[in-house]
Amino acid sequence: METRVALVTGASSGIGLATVRRLSAAGLSVFGAARSDDRLRDALSPLVAGGARIGWKATDVTKTDEIHDLVDAVLDRFGRIDVLVNNAGRSGGGEIGALPDQLWDEVLATNLTSVFYLTREVLGRKEMVGRGWGRIVNVASTAGKQGVVFASPYCASKHGVLGLTRAVALEVVRSGITVNAVCPGYVETPLAVRVRQGYADHWGRSEQEVLDEFVGKVPLGRYSTADEVASMIEYVASDAAASVTGQALNVCGGLGRY
Ligand code: NAD
C-alpha cells in the first residue's frame, strides 16, 4: 500500500500536535498547518529529526487564498491527501449583551468557516474523490452538543461544525470518504489554560478554583489528554472505521453523554 498522507491544521500545539505524532507513528506522511512558521518548526522539526516524513506551512485557515496555497503545498510535497484533520480552533466568549462583532466573527471564522474552506478545497479538487478513499475528521467539542455558559460564539461555531460534518458525510457517503467529528471535553492544552484564565478573570476567582470546578464536572475526575483525543482521530482515520461516518464522537471522561 502506498504511504497515506494526512493534512492536520493547528499542528503546532495541543491536540493537533498530538495528532501529528500519532499519525506519523502509524506510518503516514503528515503535513501540518498553523499560523506561525516558528511554532511549527519548534514543534515538528524534532519529529523530522527522528525520521518522520513531515512537512509544514504557515497558514491562516480563515483565509481562502492561504488555504488554496496550503493544499498546493501538500500536493507538491507528498502528491496526495488521504486524511484531512480540521483541528485549528480558538476559544472566545463573554456575556452576550457585550460581545463585540469582531470576536464573534473571528471565532466563527476560525472554528467553522475554516472547516468549510478546507473541506471545499480538498474535495473540490477531486484528488481524494478520484482515488475513492478518504477521511475527514473535524475536531469539534462537547460544546458542539450542549450549551456552555459565556461561550456563545464558541458553542455556535462547534454546533455548526457538527451540522457541516453530518451534511458532507451524506454527500460523499458512497465515495469511500468518511466525514466525522471528534468532540473533546476538557483537554489539558494551552487553549485550556487560556479558557481557565478567561473564566477566572470574568468570575473574579483564582485559576485553581476554576480548574477544581471544571474537574468536578467530569465523571472521570480529570481532564482528558491531547493524546487520548488523537487516538480517536487515528481510529476514525483508519481502514477499520470505514462504516463510521456522519458521527460526533466524544472524548471527554463522561462529561458529554449524547
Ligand atoms: P491549542 O491552542 O493548543 O492549539 C490550537 C492550534 O490551532 C494552534 O496550532 C494554533 O496555531 C492553531 N490555530 C488557531 N487559529 C488558527 C488560524 N486562524 N489558522 C491556523 N491555525 C490556527 O488548542 P487545542 O486545545 O489543541 O485545540 C485544538 C482543537 O480542539 C480546537 O478546535 C478546539 O476548539 C478543540 N477543543 C479543545 C478542547 C480543550 O479543552 N483543549 C476542548 C474541546 C475542543
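Every number in this text was worked out from the coordinates using simple rules, so none of it is lab data. Predicted model only: the values in this text are computed from it and were never measured. Positions of Cβ are backbone-derived with ideal geometry, glycine not excepted, and every protein chain shown enters the neighbour counts.
Odds and ends about this structure:
- Local electrostatic count, SER238, Cβ distance below 13 Å [Lys/Arg +1, Asp/Glu -1]: 0
- Rel. contact order, % - alpha carbon contacts under 8 angstrom, at least six apart, region 1-138: 25 percent
- Sparsely packed loop sites in region 142-229 (the GluC sites (Glu not before Pro) outside DSSP H, G, I, E and B with at most 16 other Cβ atoms within 10 Å) comprise GLU188.
- Placing dummy labels 7 Å off each Cα toward the beta-carbon, the span from THR64 to LYS217 is 3.6 nm.
- With neighbour counts taken as other beta-carbon atoms within 10 Å, the residues VAL218, VAL115, VAL187 rank, fewest first, as VAL218, VAL187, VAL115.
- Coordinate range along principal axes, alpha carbons of region 133-188, Å, largest first: 40, 23, 12
- Fraction in percent of alpha-carbon pairs per bin - 5 Å, region 1-72: 4, 18, 30, 24, 15, 6, 2
- About the centre of its Cα atoms, the chain shows a dipole size close to 700 debye [charges on the beta carbon of Lys, Arg (+1) and Asp, Glu (-1) only; nearest 20 debye].
- Computing FRET efficiency as 1/(1 + (r/R0)^6) for ALA240 and LYS126, where r is the C-beta to C-beta distance and R0 is 30 Å, gives about 0.70.
- For region 120-252, convex hull of alpha carbons as volume per residue, Å³: 113 Å³
- Mean projected area (nm²) of the alpha-carbon convex hull when the chain is viewed from all directions: 13.5 nm²
- Qualifying GluC sites (Glu not before Pro) in region 94-153, where qualification requires a DSSP coil assignment and no more than 12 other C-beta atoms within 10 Å, comprise GLU95.
- Net charge, ASP227 excluded, C-beta distance under 11 Å - Lys, Arg +1, Asp, Glu -1: -1
- Excluding exposed DSSP-loop trypsin sites (Lys or Arg not before Pro) (at most 12 other C-beta within 10 Å), longest clean stretch of the chain: 1-125
- Between 0 and 90 degrees, the angle of helix 64-78 with respect to the longest Cα principal axis of the chain falls at about 50 degrees.
- Principal axis dimensions, region 26-164 - Cα atoms, whole angstrom, descending: 49, 34, 29
- Take every pair of alpha-carbon atoms less than 8 Å apart whose residues are at least six positions apart; their mean separation over the length of the chain yields a relative contact order of 19 percent.
- Each Lys or Arg adds one and each Asp or Glu subtracts one; over the other residues with Cβ under 12 Å from the Cβ of GLY144, this totals +3.
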